[in-house]
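Asker: Take this structure, written in structure tokens, and hold onto it; I'll ask about it next.
Laboratory data are not the source of any read-out in this text; all were calculated from the coordinates shown. Predicted, not measured: the structure shown is a model, and the values here were computed from it. Cβ placement follows ideal geometry from the backbone for every residue including glycine, while neighbour counts extend to all protein chains displayed.
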Amino acid sequence: MAIALRKPHEIEKLRAANRVVAGALKLLEEHTKPGMSLKALDLMAEDYIRSQGAKPSFKGLYGFPSAVCISVNEVIIHGIPNDYELREGDIVGYDIGTELEGYFGDSAITAAVGAVTPEDEALIACAKDSLYYAVDVIRDGMRFKELSQLIEQFILERGFVPLRGFCGHGIGKRPHEEPEIPNYLEGNNPKAGPKIKNGMVFCIEPMICMKEGKAVILENGWDVVSSDGLRGSHYEHTVAVVNGRAEILSKI
Ligand code: MG
Ligand code: MG
């Protein structure tokens, strides 16, 4: 199936769904402090999403039990919110999806709980900066594989590695659509595969590890940690390609 090209009115629908995601992430960031339980944060985000007339699209997606993926410290992505209470020095990833009037939103941040180590600060900065770098370099006509290669180079130059086996993705009338957008070049030819075109809407989501980028999935079937057991960071935006450049939809 071809990658969908969205008309301006569809991009506005996607923007509306993504604005709700951005609002929920802002709320969670403001409430990131020692003593907050992951379940309380999840409920807070779900209430906010529903108050905006949207649905939390991750809840029930492939069987995921909650509205928000909350990933603490060595959990890089897909953490299930539990009774754990945040502690000073933790780093916590929030990944939220919404559905509004049949269109989907998806975005993620990593937040620091109080003061964190310089190493963790650098890890979080790498995830965030690689995302904004990717948004900045996107042009109509470049290949998705070229984008993946540029993200990988950025991460490696910062001294970190991308998590392997997970990727960004198209988004629209389903939460995950074509294409897959890994944060590393698959194969060795960046000039292969589909091109980025005006009207495409997709999620870029760097997932960064300290040393090894090999994923291990915990017994609950969801939480993804790195094989080295070290901390990870994740950032994500939904973008639309308009007038040859990427425009972030997941912002307030
Ligand atoms: Mg996400
Ligand atoms: Mg995503």
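Asker: Go through the residues of segment 148-165 one by one and say whether even a single one is within 11 Å of ligand 2 (Cβ to nearest atom) and touching a residue at least 24 places away in the same chain (Cβ under 8 Å). Talk me through it step by step, then tell me what you get.
Answerer: First, the residues of segment 148-165 that are within 11 Å of ligand 2 (Cβ to nearest atom): none.
No, segment 148-165 has no match at all.
Asker: For segment 102-134, which residues satisfy the criterion of being farther than 18 Å from R87 by Cα, touching a residue at least 60 places away in the same chain (Cβ under 8 Å), out of contact with any Cys (no Cβ under 7 Å at 6 or more places or on another chain) and not aliphatic (A, V, I, L, M)?
Answerer: G102, Y103, F104, G105, S107, C126, K128, S130 - these are the residues of segment 102-134 that are farther than 18 Å from R87 by Cα, touching a residue at least 60 places away in the same chain (Cβ under 8 Å), out of contact with any Cys (no Cβ under 7 Å at 6 or more places or on another chain) and not aliphatic (A, V, I, L, M).
Asker: Separate question: For the list (1) without any contact (Cβ under 8 Å) to a residue 12 or more places away in the chain; (2) closer than 25 Å to K13 by Cβ; (3) more than 16 Å from the chain's Cα centre (by Cα), I need the number of the one condition that N188 fails.
Answerer: (2)
Asker: Looking only at residues in segment 64-115 that are on the phi > 0 side of the Ramachandran plot and out of contact with any Phe, Trp or Tyr (no Cβ under 9 Å at 6 or more places or on another chain), which one is nearest to ligand 2 (Cβ to nearest atom)? Steps first, please.
Answerer: The first filter runs over segment 64-115 and keeps only residues on the phi > 0 side of the Ramachandran plot, leaving 73, 78, 89, 101-102, 114.
Remaining after also requiring out of contact with any Phe, Trp or Tyr (no Cβ under 9 Å at 6 or more places or on another chain): 73, 89, 101-102, 114.
Numbers: N73: 21, G89: 27, E101: 19, G102: 18, G114: 28 Å.
Once the filter is applied, the top-ranked residue is G102.
Asker: Can you pull out the residues in segment 223-252 that are small (G, A, S) and touching a helix residue (DSSP H, G or I) at 6+ places or on another chain (Cβ under 9 Å)? Full working, then the answer.
Answerer: First, the residues of segment 223-252 that are small (G, A, S): 226-227, 229, 232-233, 240, 244, 246, 250.
Of everything in segment 223-252, those that are small (G, A, S) and touching a helix residue (DSSP H, G or I) at 6+ places or on another chain (Cβ under 9 Å) turn out to be G232, S233, A240, A246, S250.
Asker: Say whether the condition of being under 15 Å from E74 (Cα atoms), part of a helix (DSSP H, G or I) and out of contact with any strand residue (DSSP E or B) (no Cβ under 6 Å at 6 or more places or on another chain) is met by at least one residue in segment 124-139. Give the steps one after another, and end with the answer.
Answerer: The first filter runs over segment 124-139 and keeps only residues under 15 Å from E74 (Cα atoms), leaving 124, 127.
Applying the additional criterion that residues be part of a helix (DSSP H, G or I) yields 124, 127.
Add one more test, that the residue is out of contact with any strand residue (DSSP E or B) (no Cβ under 6 Å at 6 or more places or on another chain), and what stays is none.
So far as segment 124-139 goes, no, none of its residues is under 15 Å from E74 (Cα atoms), part of a helix (DSSP H, G or I) and out of contact with any strand residue (DSSP E or B) (no Cβ under 6 Å at 6 or more places or on another chain).
Asker: Please determine, by comparing only the residues of segment 219-246 that are farther than 19 Å from L163 by Cβ and buried (at least 16 other Cβ atoms within 10 Å of the Cβ), which one is nearest to ligand 1 (Cβ to nearest atom).
Answerer: Checked segment 219-246; the qualifying residue nearest to ligand 1 (Cβ to nearest atom) is T238.
Asker: Condition first: over 21 Å from F64 (Cα atoms) and either outside any strand (DSSP E or B) or hydroxyl-bearing (S, T, Y) (or both). Now tell me which residues in segment 216-252 satisfy that.
Answerer: Initially, segment 216-252 is screened for residues over 21 Å from F64 (Cα atoms), giving 227-231, 239-252.
Hits for segment 216-252 are S227, D228, G229, L230, R231, N243, G244, L249, S250, K251, I252.
Asker: Can you tell me which of G199, G213, G193 is within 28 Å of L100 (Cβ to Cβ), more than 16 Å from ligand 1 (Cβ to nearest atom) and either among the aliphatic types (A, V, I, L, M) or not in a strand (DSSP E or B) (or both)? Working first, answer last.
Answerer: Values: G213 fails: within 28 Å of L100 (Cβ to Cβ); G193 fails: within 28 Å of L100 (Cβ to Cβ).
Just one listed residue meets the conditions, G199.
Asker: Also, quick follow-up: State yes or no: is R245 more than 16 Å from ligand 2 (Cβ to nearest atom), among the charged types (D, E, K, R) and within 28 Å of A17 (Cα to Cα)? Walk me through it before giving the result.
Answerer: Details: more than 16 Å from ligand 2 (Cβ to nearest atom): yes; among the charged types (D, E, K, R): yes; within 28 Å of A17 (Cα to Cα): yes.
Spelling it out, R245 is indeed more than 16 Å from ligand 2 (Cβ to nearest atom), among the charged types (D, E, K, R) and within 28 Å of A17 (Cα to Cα).
Asker: Moving to a separate point now. Kindly indicate the residue of segment 40-71 that is under 19 Å from K13 (Cβ atoms) and among the charged types (D, E, K, R) and also surrounded by the most Cβ atoms within 10 Å (Cβ to Cβ) among those meeting that condition.
Answerer: So the residue we want is K55.
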